[in-house]
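Written below as structure tokens is the structure these notes are about.
The values are calculated or read from the model by the stated rules, or taken from the named source; none is laboratory data. What you see is a predicted model; the values in this text were computed from it and never measured. Using ideal geometry, Cβ is built from the backbone for each residue, glycine included, and neighbour counts are taken over all protein chains shown. Only protein heavy atoms, including side chains, enter the accessible area calculation; ligands, DNA and RNA are left aside. Shrake-Rupley method; radii C 1.70, N 1.55, O 1.52, S 1.80 Å.
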Amino acid sequence: MVKTKFITFEGIDGAGKSSHLSWFAEMLRARGARVTVTREPGGTHLGEIWREQLLRDKMTTESQALLMFASRSEHLDQVIRPSLARGDWVICDRFTDATYAYQGSGHGVSTDLIDTLATWLHSDCMPDVTLLFDVSVETARRRLLSEGRSPDRFESEQGDFMQRVRDAYLALAASDPQRYRIIDGARTKEDIREKLVDLIEELFPL
Ligand code: TMP
């Protein structure tokens, strides 16, 4: 029996992770896995309400960090833990690593504080595998511009904010090479999917 897994997708805005996520879930389903696809912030009724506010309304960095964790608490309780308990794979678009990268390195919230909240909420429930879609800030910006939609709060951060977020993700990945897989998000869709197939074969051998 293959053990079900909690898999997260991470990367700076414009890294391209979301376009591969539903395909990845379909590939797992095709191999016989039951899969729950979800996202943060969001994934529950309250979480989706807070997501809208987080991406739109002006608020302090502290409120951002606390709301991310409030949303995560609902999400763990209503979606992530129950799904894993019934034997589903959980594929989540962002999780606590995003709080370290965006609120921590991006906005200066202390790592100790994020560690404390993360330990309090989910020391028993950590991702088994995290796919980090990595691209340069310039490539990500170009992609977001070409999509032509209006940027949300985080996408419109100025200066070297996004570079700090990217550096934080790369540092997290370097500190835990067992959990992280870095995907070069600048490669072609076909190349990326080839890598993802290799990973699926490793995680879910037939
Ligand atoms: P998305 O565009 O990938 O759906 O993510 C929404 C935004 O929320 C993205 O800009 C990153 C941000 N975010 C944080 O700042 N902290 C977090 O903990 C999470 C989960 C997301």
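For this structure, a couple of remarks:
- Sparse-neighbour loop sites [trypsin sites (Lys or Arg not before Pro); region 53-114; at most 12 other C-beta within 10 Å; DSSP]: 58, 86
- Local electrostatic count at residue 149 - Lys and Arg +1, Asp and Glu -1, tallied over other residues with Cβ under 12 Å: -3
- Net charge of Cβ neighbours under 15 Å - reference residue 35; Lys, Arg +1; Asp, Glu -1: +3
- Rounded to the nearest 20, the Cβ-based charge dipole of region 98-206 about its Cα centre (Lys and Arg +1, Asp and Glu -1) stands at 400 debye.
- For the chain, the pair-distance distribution built from all alpha carbon pairs, in bins 5 Å wide starting at 0, is 1, 7, 15, 20, 22, 17, 11, 5, 1, 0 percent.
- Computed over the chain, relative contact order equals 33 percent, with contacts defined as Cα pairs under 8 Å that lie 6+ residues apart.
- Near residue 189: Cβ cut-off under 15 Å, other residues only, Lys/Arg at +1 and Asp/Glu at -1. The net charge is 0.
- Rolling a 1.4 Å probe over the heavy atoms of the protein chains gives the chain an accessible area of 50 Å² per residue.
- Alpha-carbon centroids, region 47-112 and region 115-149: separation in whole Å: 11 Å
- Here the chain is assigned +1 on the Cβ of each Lys and Arg and -1 on the Cβ of each Asp and Glu. Its dipole about the Cα centre then comes out at about 480 debye.
- Calculated [θ] (222 nm, deg cm²/dmol) that DSSP helices of n ≥ 4 give over the chain, each run adding -39,500 (n - 2.57): -15000 deg cm²/dmol
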